[in-house]
Amino acid sequence: MLCHGRLYHLSWGVHEGKKILAEAFYNELPAVVVNRKSKVSWDGICARTYAQHGNAIIEEIENASAPLVQSGFNISWLVKRVGQLSRWEKTSFGQDDREVFIAYALATWFRSWGIEKIADCHWKNIG
C-alpha cells in the first residue's frame, strides 16, 4: 500500500511515479528493474507494470469509484488511460500518467479505510 507521504509528494508534483509503481508492484516486476540504482527507462517499469497489471489497477480504481468521483476524478477517462498505457500506446499526454498514479493511490487508501461508497465517509464541501 502507498503511504501518505507519497500522496503528499504527488500532490506537489514531485516526480516519483516510477518509484511508486516499483514499490507497489515490487514482487511482480523483475529484480533488475526494481533494484536498479540509476534512472529506469519508462518501458522498464511503467509500461511493464501497466501491461502486466493494468486490469488490477482498473479494478482497484473501479472498486473505489464512488469516492473517487466525489473527489473529482473521471473514472471512464482513467480506465481508458490505463488501457492506453497497458497497450504501450503513445497518447496526447505522452508518458505522463500522474492522474492514474494519484487515482490508484487514493483508491488504495480509500479501500484500506473501508471507504467504497459515498456513505462510508462524511464528506464536507469546502469553499
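Looking at the range 54-67, can you tell me whether even one residue there is at pLDDT below 75, out of contact with any Cys (no Cβ under 8 Å at 6 or more places or on another chain) and more than 30 Å from K124 (Cβ to Cβ)? Even if it seems obvious, please write down each step before you answer.
Residues of the range 54-67 at pLDDT below 75: none.
Looking through the range 54-67, none of the residues is at pLDDT below 75, out of contact with any Cys (no Cβ under 8 Å at 6 or more places or on another chain) and more than 30 Å from K124 (Cβ to Cβ).
Can you pull out every residue in the range 14-26 that is farther than 18 Å from A47 by Cβ and modelled with pLDDT of 75 or more? Walk me through it before giving the result.
Residues of the range 14-26 that are farther than 18 Å from A47 by Cβ, as a first pass: 14.
Of everything in the range 14-26, nothing turns out to be farther than 18 Å from A47 by Cβ and modelled with pLDDT of 75 or more.
Against the test of being loosely packed, with under 12 Cβ neighbours inside 10 Å and at pLDDT 90 or above, the options S92, S76, S11 yield a single qualifying residue, S76. When the residues of the range 37-48 are filtered to those that are in a helix (DSSP H, G or I) and of a type in the set (A, V, I, L, M), which remaining residue is modelled with the lowest pLDDT? Filtering first and then ranking leaves I45.
The values are calculated or read from the model by the stated rules, or taken from the named source; none is laboratory data. Given the structure is predicted, the values throughout are model-derived calculations rather than measurements. Counting neighbours? That spans all protein chains shown, and the Cβs are built from the backbone with ideal geometry, glycine included.
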